[in-house]
Structure formats: C-alpha cells, structure tokens
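What follows is a short report on a single structure.
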Amino acid sequence: MRYISTRGGAASLDFEGATLAGLASDGGLYVPEAWPALSEAEIAGLAGLDYAETAVRVMRPFLGDSLTEDELRTLCRQAYGTFAHAGVTPLKQLDAQHWLLELFHGPTLAFKDVALQLLGLLFERFLSRRSEHLTVVGATSGDTGSAAIQALAGRAKVDIFMLHPLGRVSEVQRRQMTTVMAPNVHNIAIRGTFDDAQALVKAMFNDASFAGRFHLSAVNSINWARLMAQVVYYFYAAVRLGAPRRTVAFSVPTGNFGDVFAGYVAAKMGLPVERLIVATNVNDILARFLTANDMSARPVEPSLSPSMDIQVSSNFERLLFDLHDRDGASLARTMRDFEATKRMSIPADMRAGLGLFGSARVDADAMAMALRRASEKSCELVDPHTAIALAAAWDAGLPADVPVVTLATAHPAKFPEAVERASGQRPVLPARMGNLFDRAERYDTLPAELAPIEAYVAERAVAR
Ligand SMILES: *Cc1c(COP(=O)(O)O)cnc(C)c1O
C-alpha cells in the first residue's frame, strides 16, 4: 500500500514513511492510493472478536510491508491493554434507537488515546529500525497534548515538546501533561493564547535552518496512522449492532474532521453506514458547508466544548480530495484559493459525493438540554462534546429501525463544571486518575516568541 499527497506534488511513501512524515512536503495530507475493501464475509467475521483483534483485521490492509500481522497484533494488544475498560470502547444503550460508543477509557480520558496509544508504539518500532531520532513538537489547548505525552513518554528515540497557553487549559488537562516525569517529555507554558502556541509550532516547521537540524514531526490528526486507528471502532460498534446485515448511523462531535473522516473510510471499506452526522457547536463552518455550500471562516468563538472550537478543519482536505476525483493539482488550486480568500464553495456535481453526511449546529442551550436528557432519561452523564453529538443524533429523524451510535469522545469528569451546571450532578474522576492533584508538576514558562523557544528545543533535542 502506497500513500499519496492530496496536493499531488510529493513523492508517494509506504505506511512507515507516511507515519513518520505527518504532513507531505507539498503541504498536502497523505491518503492511501486506493481504499481497501473488506468483503461482507470478512465484516461478518469480526463478530465476537475483541477490540485488539478487530483492530488487526481492519488495519492490516493499510500496512503493506511495514509490519507483519504478528507485529501489528503485538502492538495492538499493548496499546489497547492500557485501557481501563475490558471492552476498550464499550457500547451503551441509551434508548430504543440510540447508543453511546465510549471512547474515553484510555489514560487521559479522551478519545485521542485510542489512536495515540498505537501511534506512540508505531513511532518507537519504526525508529528502532532506522538510525534516526524524532523531535515531536505540538501545540495543545488540552486533550491532544496530554494524550500525545502519555503515548510518547519514555519511548526510545523520540522527544516531545508540547506548548500550552499558560493558565488557559483546565487543571486536569495541565496536570495530565506536567506530572509526567519521563526525561523525553518537555512541557512549555507559553505566555500567550492557543493560537500563539500553534503559530509558534508552524514557525518552527517553516524555519528551514532550525527544521533542518532536527527531524521534526507532528502528532495532530493530520497524521494518517491516527485516522487509520480510528476506523476500527466504527467496525467494532456496527458489528455489535448487526452489521453487515444492518445499516448503522453515527453522530460525531466534530472539530478537525479526523474522527468523522475515519467513519467515511469505514464506509469506503464496505461497512454499511446509513449516515454520518457531523455535529458542530456554534463554530459551525462544516455545518454551513454541508447544508448551504458555504465554507467561509469566521473568528473562533470559545465554547464549553473547546476541542470543537475550530474554524478550518485540517482533515476536510482528505474528503475534498475524493470529491475532486483524487486530482491533486485541482485540489491544490482549490486549497490555495481558500487560503487566500477564506471561503470556498464547490460545484453541484462534486456535492453529490457528500450524500453520506448529515450535519447539525448545536448551541450551548441545546447542548445543555441534551446533557440533562441523557442524565434524566438514560442515567448517563455525558461530557459537553458528546452532548452536542447526542443532540444532533436525537434530532436527525432517522428511520426507527436504524441504530444511531453517538461517539462519546471525553469522560464527563474532564469538564466537571459544565456537566454539573447542566445536569445537577458532579461527575467523579475515575479512581485510576488517583493522586493526579497531589503529584509534582514540571514545566517551563517561556514568552510567546520564536527565538527563546527554538533555543529551548535545541538545547534538549537530538540533532540529525
Ligand atoms: C479532539 C476532540 C474532538 C474533535 O475531534 P476531531 O477529530 O478533531 O473532529 C471532539 N471531542 C473531543 C473530546 C476531542 O478531544
């Protein structure tokens, strides 16, 4: 299996190369050169398999010669062995038609663990074969940083430098990053905003003389291996609800479009998916595009679902690539126009490829109502991100015989204030988080300026 860039101007890579590269050199994102398919019999054969074995069957067509099936199995057992729930991503019934797919039983209580626990092991495995050292740099508003740090802490041949905005991430999120004492983990609090942190990371990648000294890499959801790992739970859930004989719908709290794109990949591979509901908060650029062909970026409005406070969703480019009939040069033109004008609409014939997607914009009131309804009618406390997707699912008007699975992307105890305000109940941090509030923290505070941050990284990272 080869991986090609969505903008058509970078050399193709194998799975190992695409995993270590993150972004393609022409600014595009890597996608498989063709979508592999699982036959109906192969999908039926997933029934009764545990999560790690399901992961092997679903991911193996993507790996080519980069890993043997046994190596993949070992990594999946190790990655998913860190989850607190024996079902890894258990399904819970809410009412006659609706289910929650709980994706938050990993080490940092958010769904990003599902992909990053595996990605950390893939990095370690691939780097051990090469005489190379990787320097991961990232910016986080909370969830990605903690999940990436938990996944990479103590791994050989990788250093991780994570920038977060000083005083602007929750205490749970900060402590999940700063209490990790592994020597390859470097937390930097920036005197600035999340946007400042993200701009600094981009500037490091764009500084040719700095980037040339280190093998820089990214762990955000532009990394193909992360999306691939997320395809697994669509199969896992749908098979438990009767696929391939039955068609299943999913409602996905969406920010960077990575999670819901994984659902699209599952459908491309042959999973019978009735609909993928793209649920957004008031930062609704995707909902506007899907309902009114209006993709115009507006300023980001902070909300109670911060991981969805995004205007330009990086993974949407992967879907646009398919809508452009996989013509990289044509998509590169569309993306350049969008970057210049901050708006995009596409012709009607291309929109025909969007048939699988529904969308909904859920404001703070509707989010709180869904959260309360789940606690009162189904005895489930959900987090604000999940509540947005649940509101969209209950509102979607799907036929009563189609099961609807809402992806529960964070544990409610990550957002205790918002959950308590809406439901009257205070969610409890799982016992395995234990002494998070007593552990020592380690991080350095730097100004939001490129020179001191580059100097800090250069002092601690391993040069090429
Ligand atoms: C990252 C995140 C999302 C958004 O997922 P995307 O793949 O960026 O669309 C939703 N909910 C939570 C809790 C998250 O951490």
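What the table shows:
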{"item": "Scope the stretch 390-426; condition within 16 Å of the ligand (Cβ to nearest atom) and open to solvent by 50 Å² or more (accessible area, probe 1.4 Å); matching residues", "result": "GLU417"}
{"item": "Complete set of residues in the stretch 392-430 that are polar (S, T, N, Q) and in a loop (DSSP other than H, G, I, E, B)", "result": "THR409, GLN425"}
{"item": "Hey, LEU429 farther than 30 Å from PHE357 by Cβ and within 16 Å of the ligand (Cβ to nearest atom) or not", "result": "yes"}
{"item": "Pairs where the first residue, in the stretch 361-389, is modelled with pLDDT of 95 or more and within 11 Å of the ligand (Cβ to nearest atom) and the second is in a helix (DSSP H, G or I) and charged (D, E, K, R), C-beta under 7 Å, 6+ apart", "result": "ASP383/LYS414"}
{"item": "Tally of residues being within 19 Å of the chain's Cα centre (by Cα) and either of a type in the set (D, E, K, R) or not in a loop (DSSP other than H, G, I, E, B) (or both) across the stretch 366-383", "result": "1"}
{"item": "Subset of the stretch 268-289 [farther than 16 Å from LEU320 by Cα and away from the ligand (no atom under 13 Å from the Cβ)]", "result": "MET269, GLY270, LEU271, PRO272, VAL273, GLU274, ARG275, VAL282, ASP284"}
{"item": "Every residue from the stretch 188-215 that is open to solvent by less than 20 Å² (accessible area, probe 1.4 Å), under 30 Å from PHE261 (Cα atoms) and in contact with a helix residue (DSSP H, G or I) (Cβ under 8 Å, 6 or more places away or on another chain)", "result": "LEU200, MET204"}
{"item": "Answer from VAL158, VAL137, VAL169, VAL185 - the residue that is hydrophobic (A, V, I, L, M, F, W, C) and open to solvent by 10 Å² or more (accessible area, probe 1.4 Å)", "result": "VAL169"}
{"item": "Extreme residue, farthest from the ligand (Cβ to nearest atom), among residues of the stretch 95-134 that are more than 15 Å from the chain's Cα centre (by Cα) and of a type in the set (Gly, Ala, Ser)", "result": "SER131"}
{"item": "Residues (among the small types (Gly, Ala, Ser) and either assigned to a helix (DSSP H, G or I) or away from the ligand (no atom under 14 Å from the Cβ) (or both)) located in the stretch 290-314", "result": "ALA292, SER296, ALA297, SER307"}
{"item": "Meets criteria (open to solvent by 10 Å² or more (accessible area, probe 1.4 Å), touching a strand residue (DSSP E or B) at 6+ places or on another chain (Cβ under 7 Å) and assigned to a helix (DSSP H, G or I)) for THR386", "result": "no"}
{"item": "Subset of the stretch 1-25 [open to solvent by less than 10 Å² (accessible area, probe 1.4 Å), among the polar types (S, T, N, Q) and part of a loop (DSSP other than H, G, I, E, B)]", "result": "THR6"}
{"item": "Complete set of residues in the stretch 298-326 that are more than 16 Å from the chain's Cα centre (by Cα) and open to solvent by 70 Å² or more (accessible area, probe 1.4 Å)", "result": "ARG298, PRO299, VAL300, GLU301, PRO302, LEU304, ASP325"}
{"item": "Filtered residue count, the stretch 221-255, keeping only those that are outside any loop (DSSP other than H, G, I, E, B) and either β-branched (Val, Ile, Thr) or more than 16 Å from the ligand (Cβ to nearest atom) (or both)", "result": "11"}
{"item": "Members of the stretch 331-365 found to be aliphatic (A, V, I, L, M), under 24 Å from the mean Cα position of the chain (by Cα), open to solvent by less than 20 Å² (accessible area, probe 1.4 Å) and more than 15 Å from SER314 (Cα to Cα), listed by number", "result": "LEU354, VAL362"}
{"item": "Residue tally, condition under 19 Å from PRO165 (Cβ atoms), without any contact (Cβ under 8 Å) to a residue 60 or more places away in the chain and not hydroxyl-bearing (Ser, Thr, Tyr), over the stretch 132-152", "result": "3"}
{"item": "Residue that is more than 14 Å from the ligand (Cβ to nearest atom), of a type outside the set (A, V, I, L, M) and under 26 Å from VAL232 (Cα atoms), where the choices are GLY258, GLY355", "result": "GLY355"}
{"item": "Residues located in the stretch 26-53, provided they are open to solvent by less than 50 Å² (accessible area, probe 1.4 Å) and on the phi > 0 side of the Ramachandran plot", "result": "GLY27"}
{"item": "Residue match in the stretch 225-238 (condition: closer than 26 Å to LEU398 by Cα, open to solvent by 10 Å² or more (accessible area, probe 1.4 Å) and free of Cβ contacts under 8 Å to residues at least 60 places away in the same chain)", "result": "no"}
{"item": "Sole exception among (1) away from the ligand (no atom under 14 Å from the Cβ); (2) closer than 16 Å to MET181 by Cα; (3) part of a helix (DSSP H, G or I) for ILE160, by number", "result": "(3)"}
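The values are calculated or read from the model by the stated rules, or taken from the named source; none is laboratory data. The model shown is predicted, which means the values in this text are computed figures rather than measured ones. Backbone-built Cβ (ideal geometry, glycine too); neighbour counts: all protein chains shown. The protein model used for the area step is the full one, side chains on, heavy atoms only, and it has no ligands, DNA or RNA in it. Shrake-Rupley method; radii C 1.70, N 1.55, O 1.52, S 1.80 Å.
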